[in-house]
Each structure stands twice: as C-alpha cells, then as structure tokens.
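**Q** Input: one structure, supplied below.
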Amino acid sequence: MRKLAWAARGTAAVAGALLAGALVAPSALAHDDPTPKDTQAQGQADESKRCSVSRDVSSTVVDYSGASGLFETVFRAATDRQGHAFLNDSRNPGVWINLGLLAGAPQCVSGTAVSVTEEDPGHLYITLLASNGVIRQAVCTTASGTPFTPANLPAACGAGFAPLAYTPVI
C-alpha cells in the first residue's frame, strides 16, 4: 500500500509541475518574416514548396443607415487554394480584387477576417493570417459613392498591410 500511495503522490507532483510550467512559460510567437520562405514570390522553382492551403471566406456589412451610400454594403474576403487573398465590394458586383496589390500583403494566406466601422467615410479592416502564423492588417477608408476597384484600393488602404506585433502561434 505504501508503494501505491507514494506513486500516486509522485504522479500528482509531476502533473502539478507540468501544469505550472505551462501556465508560466511564454507562448511561442510567430516569425515576423513578411515574405515566407515557402512562397513562389521568392522565385523558388521547386513545385513542392508552393503555398497550398484550404479556402477561407469572411464578410461584413454596413448596417448603419446614417452611412449614406454605404448602407447594406457587403465586404467579402476570400482565399484560393494557392493562398491568394481577394476582396469583393458589393457596390462593384463580380469584381474580386487581389489583395496582393497592397504593400505588405502576405504571400500565403490561410485565413481572412473583415470588419467595418459605420460612418461615412468609415474604415474597413482587412485581417489576413499568413501560413507562417503572422497576422497582418490593413485599414482602408470607405467612401459612400466609390466602390473599391484594383485602381483605387491601394490609395484607400494607405500603407497597406502591417504585421500585428507578437502574434501568437496556435
């Protein structure tokens, strides 16, 4: 009996130490390299090094009637299987803008999120999760009468995408 009780206390002590270490240890952080090493953009010829991810889609809608010209505008972001991200503005049906046009856009996107403030002009927040774990965000100014196009999106989004500091790796 004594051996069994000793083993149980020892196991509980080890489990407690592991739990305490997990709570105290800092989480891993994403590598903040703006151009992942496994992308075609760096000119690697090896087909196996290309980005390949599952598709993702997100959307947001302006539901504030005081935003004249923006009310009920839907903004959508989506990725393809090669990790390219695209934006659609419902005021410009059928047009999907490659977000790679913006400075700092990740080359291999595995997730998207969009949100919008409800003013005129307001702000559209486009958040992209790169395959290397870095989250990048662009803030674009929305204007009531002007839908986003490939020609005006870079100006509306100013500096383009910037990494969010200390992105945790999941």
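The values are calculated or read from the model by the stated rules, or taken from the named source; none is laboratory data. For clarity, every value in this text was computed on a predicted model and none was experimentally measured. Here the Cβ is made from the backbone with ideal geometry for all residues, glycine too, and neighbour counts use every protein chain on show. Quick note on the areas: whole protein, heavy atoms, side chains included, nothing else; ligands and nucleic acids left out. Shrake-Rupley method; radii C 1.70, N 1.55, O 1.52, S 1.80 Å.
**Q** Could you give each residue of the range 60-68 its phi-based ³J(HN,Hα) in whole Hz, using Karplus coefficients 6.51, -1.76, 1.60 with θ = phi - 60°, and x for Gly or Pro?
**A** 8, 9, 7, 10, 9, 5, x, 8, 4
**Q** Please give the per residue accessible area of the range 89-170, computed with a probe of 1.4 Å over protein heavy atoms only, in Å².
**A** 45
**Q** While we're here: Compare the peptides 79-85, 65-71 by average per-residue count of other Cβ atoms within 10 angstrom and give them in order, highest first.
**A** 79-85, 65-71
**Q** If 89, 56 are ordered by their accessible area, calculated over protein heavy atoms with a 1.4 Å probe, which sequence runs from highest to lowest?
**A** Sorted by accessible area, descending: 56, 89.
**Q** By per-residue mean of other Cβ atoms within 10 Å, what is the highest-first order of 103-112, 152-161?
**A** The packing order, highest mean first, is 103-112, 152-161.
**Q** Here's another thing I want to ask about it. Less than 15 Å from a label point 7 Å out along the Cα-to-Cβ axis of residue 68: which backbone N atoms in the range 139-170 qualify, by residue?
**A** Those under the cut-off are 143-146.
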